[in-house]
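Heads up: the structure comes next, in structure tokens.
All of the numbers you see were taken from the coordinates with simple rules; none came from a lab. Keep in mind it's a predicted model, so treat the numbers as computed, not measured. FYI the Cβ positions are ideal-geometry reconstructions off the backbone, even for glycines, and counts take in every protein chain you see.
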Amino acid sequence: MIVYKFGGISVGDAKSIRALLPIIEKQKSEKLVLVISAMGKMTNAFESLLSLYRKGSKEKQGQFNKIKSFHYTIVEELFENSHSIKSSLNECFEQLEVKLEQSEIQSYDYAYDQTVGYGELLSSFILSAFLSEQGVQNIRIDASEFLITNDKHRDARLDWIATKEKIISKVQPAFDKVNIVITQGFIGGTLNGLRTTIGREGSDYSAAILAHCLTARELTVWKDVPGILNADPKLLSKARRLDHISYHETVELAFYGASVIHPRTLQPLKAKQIPLIVRSFLNPESASLIDGNSKTDGEIPSFIIKENQILFTIASRDFSFIDAEKLTGILKLFSANHFHIRLIQNSALNFSLVADENHLQLDDLLKQLQTDFSVKYNRNLSLLTVRHLQNDSLSKLFNYTGVLLEMHSRLTQQFVLHSDVLVDKMKALNDLV
């Protein structure tokens, strides 16, 4: 058995979906699980739609119509007018509209999980129907029926025992009927039947959970890039592929913000020594292999740029130390408000951290912090993290110009700086790649 995960770009339009057919058909004699993301940039579109409904904005119907039109256009290009997929989509959109109307009186996190995951449901409906139309038999299963989590909405934690039991009882038996099972990434459910989500970009993790529980031979994540690169090629044109790297190095790169793999993906795979392949659907021969056997980590330095960062500096109002107890309380507030932390630095009286921008909950976080602490913050920053660069060329490059915070360890250098400074240095940085 193998598991394939297809991201949003790989199912972003009718042409892309047709291009997946030979990839899937090549493996249809083997048991195959397909984990599907929302199409294109639909998760962003659904998040915007939810915000408009919660505000009661007049623009909400226009946004809803755009989302429906996007999906119906793909369906019209893939199927005959009389195909039953249209009624399935109609039913989905009717359910979604009811949930959106209810969202105004619900907490944002709860409403998010009941609505935004429809992007994955719609894409899996369409791909399943398309494969069936092409003679590729498959069964589609709702991930909320087997990926069991707690009720921490928007960042739910897996119940491994319940999930393993559900996968064995709901997913495994499907292979007695067909060789291909289709499900969704990103979404899960509680034992009480409430939908949850496991965090943005969490479809990789969904696929790894299935691979672990089904003891898959391998997991392949299909992307529009030729594997894992040592930099984002959209930002640094000299980016090179990392052909063979370890679980450990991949986790480090993901933690620091490399966008190719979700940080939680590797632990379930490493536990059973299941290799992860990151492969291009545009050029299937181009790939990176991640497993426990790589001895090449560090031969090529890696450059990770995270934009839209916030630097917080937090201090006690009474001149007392920022001790372990206070640190624990501060970090709990960041977690509760869904701020993803990238860097931490502390001294006796100050605690600084860098986190991804979250404009929806920034005001709430600040109010909670300011109850006990003095808080300063800078927005619109960039975080540059470099692994395995064995010289001081970065410090010389920036020469403290626009650098607000800098950290070094044995293998990693990090710089928090104003975004315009990084843009100004991008050409010189590209020469280091």
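What the table shows:
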| quantity | calculated |
| --- | --- |
| Protection proxy ranking of 251-261, 18-28 - average other beta-carbon atoms within 10 Å, highest first | 251-261, 18-28 |
| Computed magnitude of the charge dipole of the chain (debye, nearest 20; Cβ of K, R +1, Cβ of D, E -1) | 380 debye |
| Mean ellipticity per residue at 222 nm, deg cm²/dmol - from DSSP H runs of n ≥ 4 across the chain, formula -39500 (n - 2.57) | -11000 deg cm²/dmol |
| Net charge over other residues, Cβ less than 14 angstrom from the Cβ of VAL136 (K, R count +1; D, E count -1) | +3 |
| Net charge, SER203 excluded, C-beta distance under 9 Å - Lys, Arg +1, Asp, Glu -1 | -2 |
| For the stretch 139-281: span of alpha carbons on each principal axis (Å, largest first) | 49, 33, 24 |
| Tail fraction, Cα-Cα pairs, the stretch 95-191, threshold 21 Å, whole percent | 42 percent |
| Neighbour-count ranking [beta-carbon atoms within 10 angstrom, fewest first] of LYS41, LYS425 | LYS41, LYS425 |
| Value of relative contact order over the stretch 2-216, rounded to a whole percent, pairs C-alpha under 8 Å and six or more apart | 25 percent |
| Most mobile of ILE300, ILE126, ILE274 in a GNM of the chain (Cα contacts under 10 Å) | ILE300 |
| Cβ-placed point charges (K, R +1; D, E -1), dipole of the stretch 2-216 about Cα centre in debye, nearest 20 | 260 debye |
| Interatomic Cα distance distribution for the stretch 328-433, bins of 5 angstrom, percent | 2, 10, 21, 20, 18, 12, 9, 6, 1, 0 |
| Contact order relative to length of the chain, as percent, for alpha carbon pairs under 8 angstrom and 6 or more apart | 13 percent |
| Selected from ALA45, ALA271, ALA156 as most flexible by GNM, with the chain as the system and alpha-carbon contacts under 10 Å | ALA271 |
| Approximate shape of the stretch 2-216 as ellipsoid semi-axes (Cα gyration tensor, √5λ), whole Å, largest first | 27, 23, 13 |
| Separation of alpha-carbon centers, the stretch 1-72 and the stretch 153-187, rounded to whole Å | 19 Å |
| Crossing angle, helix 203-213 versus the chain [Cα axis fit, 0-90 degrees, rounded to tens] | 70 degrees |
| Candidate lysines - alpha carbon under 23 Å from LYS223, same-chain residues fewer than 8 apart omitted | LYS5, LYS15, LYS26, LYS28, LYS31, LYS41, LYS234, LYS238, LYS270, LYS306 |
| Using alpha-carbon coordinates, inclination of helix 60-78 to the longest axis of the chain, degrees | 50 degrees |
